[in-house]
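Participant: One structure is given below, represented as structure tokens, and several questions about it will come after.
Throughout, read-outs are computed from the coordinates displayed, never taken from laboratory work. Treat the numbers as computed from the prediction; the structure is a model and nothing was measured. Neighbour counts run over all protein chains shown; Cβ positions are idealised from the backbone, glycine included.
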Amino acid sequence: MDDLCVIVVNWNTRDLLGQCLQSVYETADHLTCNVIVVDNASIDGSQTMLRQRFPQVHLIGNDQNVGFARANNQALAVGKGRYFLLLNSDTVVLPHTLEKMVQCADAHPEVGIIGCKLLNGDGSLQESWASFPTFWSEILGRNFRGRRLLEESPLTYEVDWVGGACMLVRPTAIAEVGLLDDSIFMYSEETDWCFRMKRQGRKVYYLASAEVIHLGGGSASRASAAQLVRLYESKIRFFHRHYGAWQARLLRCGLLAVNVLGLLRRALPWPPQGRGREEARRRLVAQWHLICQLGRGQATGAINQAHRSSAAIVDRASQTLP
């Protein structure tokens, strides 16, 4: 059996995908690997590129975009290896990273998931792990003070959850807790998976000596308003599933209030000065769309009034801009 089954989900990131796969094959060292790419109905020639440049890759081609979690589950259902490696298409694996992650997993059989240090394209640190979310961490946008110090260490640490851009997963742990929650189109699926792993008694490790460049924005940048809604709804779903219905409702109301205040701060005074008016309008409309989605199903007078006030701002902004 191969050491690693590498799984990459792709949606219209042909060039990034090629770069990612090349880095996998170049840095496998002494490991034996097989690669599965699940393509979510790309229209940019990704599948043609795979057949020409990487004929050894097992390609699963979907006729529609089924989302990140479901696509990964398709590969997990058929893949074989001592470990699975879930890898974003917009990543570049650096030398010895795969070998270090496999060695860590071999040395710690109690571990279910191992994450690595994620880097931006310029080599600066990305947030690679976090504590499980709470109401205040989601409202204030802070998960763990001192995370940067920990990420700069070369040691291995047990953490709550790691970023899904690069995750090594033990197959026996998947058998214990189940696959990714494919009712989540994208976002928070790794947090949910790690939560279930730890609840089952498995550990989640962050391996700072293993490094992957995560360029970011490969697929998500093309649908920012829709992706923003998915991000917030996935957070609320996580709260509902693991903390209960009332905490999920509280989070929804808190996020709604924060975004209404953010819209007011963004829109006043209006119109913005100088360049970037179209971008300002796009962001304003996207935030208004998010507010509408968050407020859906909420029946309090305060929320309804917030909707009316925000709608008036959006209308005035749209009339002001050319």
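Participant: What are the ³J(HN,Hα) values, in whole Hz, obtained from phi via the Karplus relation 6.51 cos²θ - 1.76 cosθ + 1.60 with θ = phi - 60°, for each residue of region 174-179 in sequence order, with x given for Gly and Pro?
Facilitator: Working through the residues one at a time gives 5, 4, 7, 10, x, 6 Hz.
Participant: Sorted by average packing, counted as other Cβ atoms within 10 angstrom per residue and highest first, what order do 39-49, 87-97, 69-79, 122-132 take? Intermediate values should be presented prior to the final figure.
Facilitator: On the way: 39-49: 17.0, 87-97: 21.5, 69-79: 19.6, 122-132: 14.6.
Listed from highest to lowest mean packing, they are 87-97, 69-79, 39-49, 122-132.
Participant: Just check region 24-109 against the gyration tensor rule for me: Cα atoms, a ≥ b ≥ c as the square roots of the eigenvalues, rounded for a/c under 1.5, and otherwise prolate or oblate depending on whether a/b exceeds b/c.
Facilitator: Numbers: a/c = 2.23, a/b = 1.58, b/c = 1.41.
Prolate, because a/c is 1.5 or more and a/b exceeds b/c.
Participant: May I pose another question? Please give me the summed charge of the neighbours of residue 254: other residues whose Cβ is under 13 Å from its Cβ, Lys and Arg +1, Asp and Glu -1. The partial results should precede the final answer.
Facilitator: Values: positive: 235, 249, 252; negative: 138.
Net charge around residue 254: +2.
Participant: Right, another one. If amide hydrogens are placed 1.01 Å from N in the peptide plane, which non-local residues have theirs closer than 5 Å to the one on residue 10?
Facilitator: Here the answer is 38, 39, 40, since their amide H atoms fall under 5 Å of that of residue 10.
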